[in-house]
Structure formats: C-alpha cells, structure tokens
Amino acid sequence: MMRLSLICLMGWTMLPGVIAWVSPCHAEQELDGLAEDPDFKPLVEAKMPAGFPGHTPVGTVEIKKYPAYRKAQASGGDAFWKLFTHIKNNDIAMTAPVEMTFQSDGPPVGQEQAMAFLYSSVELGQAGTQGPVDVLDVPATTVVSIGVRGQRNEKLVARATDRLRGWLGEHAAYRQAGPVRIMGYNSPFVPPEKQFFEVQIPVVTANTPEPAAAAQ
C-alpha cells in the first residue's frame, strides 16, 4: 500500500519545471489547520528514520532537535520520479516524512528547491551522486516547528510560516539558519481532515557565529 501511495506521494505532484502539491484523491474541505488540537494523532503510513523526534502537535510551535540523517534529494519537475527510481533500484524502504525545501525563505508554491526521501538509517547506502539524485548526509539540526492538519496549500503554509517567524521575533535566543522546509507525513489517500504535515525553520542560538565569521 505504501508503494501505491507513492503515486500521489505525500500530496506532491510534479509539473514541468514545478514541484507543487495537490490532492487529486480528495476534494478540499474547510479546516483550520493551525487550530490547536492536542488530541489529534497523525496517521502513521511509514516509519520515521532512526532517532527522529515525534510529531509537533497541531497548532503548537516548538523547538525540535533532529539527529544526523541521510537523504536522497532531487530537483526539477520530475524530482519525484527520480527519487522513486532511486529507492526502487537500491531496494530502500520508504520512510516518512518526505522533505521539501524552498529556494528562498518560504512559499509561494512553485519556488520549491528540492524534494528528498529520507533513509531509515545513516548506515544505509553511501553519500554521493547517483545519476540525477544526490545522496546527502545532513548534520544534526535544530528547527522551530509547527504542526499543521489538513491538505497542504499555499495559504496554509504561508500562515504557518508567519506563525514561526512571529515566534522567532518573540524569542531572541534563536535566529533563522536556513530556508523554510516542509515535512509531509501523509499521502493523499488519507482523508483531508486526517492529513498532517509540519512547517519548519532551521535555527541556531543567537550567539552562534555567522558562517562567514566562523570560517575566518
């Protein structure tokens, strides 16, 4: 079933020159995806990589720490198929979440830089370039994250991003250290009201030297 779900992987679709999200399997419903809902439990469709933290509750903003992990990353309108072929050829099990990063600070949809499937363990495979796919080792990362319920769309992701930036504005101990990313946990086969994803911003403590300064 998980391999079948890949056809509509985590709500993402590929159009020429664009990585975007749609849900051909369900009609959009009105749902405040940022309303706090501590009782909501995401539907588990695949295991998370080793050591990954649990999901961020819907509507809650929190700091999360991720261990180092390995991912297969591709870009372009056919990124999904590149990644699908990669994991199929290498007999790599699907995990959740699926990672999407942006070219700039965040939405709109269509400015996504890359899609990535995450390996279940850093011991699996090896880093390097395999055709159109880059297998990358990601160092341990800290993010500020918000849980979101419902189908992904530009408006909802923008609201979530604004919420995170507002939190950073109120918490001077942290500053943004990378572009906005989406962690998608469910395929469109899941009913809209049960779908779940997280919007995240990588952060470092405010007293962490800027990269240029650290290199001097």
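In terms of surrounding Cβ atoms within a 10 Å radius of their Cβ, Phe40, Phe80, Phe197 rank from fewest to most as Phe40, Phe80, Phe197.
The protection proxy used here, the mean number of other Cβ atoms lying within 10 Å of each residue, ranks peptides 92-100, 131-139 as follows, highest first: 92-100, 131-139. Packing-based ranking of 60-69, 175-184 yields 175-184, 60-69, ordered from highest to lowest mean Cβ neighbour count within 10 Å. Each of Asp91, Asp37 was scored by other Cβ atoms within 10 Å of its Cβ. Listed from fewest to most, they are Asp91, Asp37. Of all aspartates and glutamates in the structure, the ones whose alpha carbon falls short of 13 Å from that of Lys64, not counting any fewer than 8 places away in one chain, are Glu198. On the beta carbon distance between Gln126 and Lys65, with R0 = 22 Å, the FRET formula returns roughly 0.30. Taking the average, over residues, of other Cβ atoms within 10 Å as the packing measure, peptides 143-152, 45-54 rank 143-152, 45-54 from highest down.
Remark: the Glu170-Phe40 segment gains 44.1 nm on full extension, using 0.36 nm per residue and subtracting the alpha carbon distance. Which entries of Lys82/Lys194; Lys82/Lys155; Lys47/Lys71 have Cα-Cα distances beyond 23 Å here? From the list (Lys82/Lys194; Lys82/Lys155; Lys47/Lys71), the Cα-Cα distance tops 23 Å for Lys82/Lys194; Lys82/Lys155.
Bear in mind that the values in this text are calculations on the coordinates, not laboratory data. All values reported here derive from a predicted model rather than from experimental measurement. Glycine also receives a Cβ, built like all others from the backbone with ideal geometry; neighbour counts cover every protein chain displayed.
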